[in-house]
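Shown next, in structure tokens, is the structure this report addresses.
Read the figures in this text as sums done on the coordinates, not as results from a lab. Remember, predicted model here, so these are calculated numbers, not experimental data. In this analysis, Cβ positions are derived from the backbone assuming ideal geometry, glycine residues included, and neighbour counts consider all displayed protein chains.
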């Protein structure tokens with residue numbers, strides 16, 4: 001299982017109202033450099049090179065929902081996939097961020113344990129908890 005890692009400033013962004021996770025544009029990008037938990041902005045992430053199936057800035061998430069039940073907030077979205085159109089740059093980390101505020105604030109990252117290489121036609125899907133096509137990204141209470 002790939003563990004969820006929260007960027008520390010995310011808590012402040014939420015408490016200060018910088019993010020509206022239900023309506024902002026959330027994106028997932030790829031990196032081969034370990035993120036630092038204290039980082040706050042997408043510009044601090046060393047993103048893999050654009051090309052061969054990867055676009056600078058990563059994929060925008062679809063089907064995003066943010067809901068609260070009994071004091072627990074749940075963020076969910078559709079899974080997102082990259083398909084290599086040649087040899088895509090090696091990556092190890094998947095990074096979630098909010099691209100709506102000017103800060104492009106970081107939310108979380110997942111470490112896949114070792115570099116992932118993709119050749120032409122290979123696919124990589126970020127599959128959130130609980131579903132084959134969509135699932136829970138995280139809960140917060």
* Structure fact -> From the option list 97, 112, single residue qualifying as assigned to a strand (DSSP E or B), touching a residue at least 12 places away in the same chain (Cβ under 8 Å) and touching a helix residue (DSSP H, G or I) at 6+ places or on another chain (Cβ under 6 Å) is 97
* To do: Among the residues of the stretch 53-71, write down those that are assigned to a strand (DSSP E or B) and closer than 13 Å to residue 134 by Cβ.
  => 65
* **Unmet criterion (only one of (1) touching a strand residue (DSSP E or B) at 6+ places or on another chain (Cβ under 6 Å); (2) outside any strand (DSSP E or B); (3) surrounded by 14 or more Cβ atoms within 10 Å (Cβ to Cβ)) for residue 106** => (2)
* Residue ID - farthest from residue 37 (Cα to Cα), chosen from residues in the stretch 128-141 that are in contact with a strand residue (DSSP E or B) (Cβ under 7 Å, 6 or more places away or on another chain) and in a loop (DSSP other than H, G, I, E, B) -> 133
* Tally the residues that are at negative phi, surrounded by fewer than 19 Cβ atoms within 10 Å (Cβ to Cβ) and assigned to a loop (DSSP other than H, G, I, E, B), restricting the search to the stretch 9-52. => 18
